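Derivation of every value follows stated rules applied to the coordinates shown; laboratory data play no part. Given the structure is predicted, the values throughout are model-derived calculations rather than measurements.
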């Protein structure tokens, strides 16, 4: 009986990770050197509300919470990564808030800075939501791939590293 329960729990956790991968992107963390680049590009101020969509284990959100007084949020669909993000952030003084949710159903209207590291097809799907819910002047930063049909305000390009794209709504 215990083995069956353990198998069921493992199955649920793996299914959660697989669903999150299928829905937006597989879990691939942003490289640490690129998190620092993204933080400079975001230029967060204390009044900013930042959200990382598909935050995984929250390395971007944790870094920003440690280096900024802005309100930091991470949204993650996979139960495994969401739980890991919460555990890893438990000792931070300015701990980010991690939300277990689907980015496509999470209300974005209270944020003014959004970070995405998803698949290009997912960018196409979430683009209308970003435009509809974010207020004018909000910033969107994408990692690796540009958002189709959007014009970047800034492209942070460093030889040997993925590009970062900054957009202003």
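A compact table of results
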quantity: Extension reserve of the residue 124-residue 91 stretch, reckoned as 0.36 nm per residue once the Cα distance is removed; calculated: 8.3 nm
quantity: Whole-angstrom gap from segment 42-57 to segment 114-131, using each part's C-alpha centre; calculated: 15
quantity: Overall dimensions of segment 67-158 as given by Cα atoms, namely Rg and Dmax in Å; calculated: 14.2, 41
quantity: Potential lengthening between residue 40 and residue 159 on full extension [0.36 nm per residue; Cα-Cα distance subtracted]; calculated: 41.1 nm
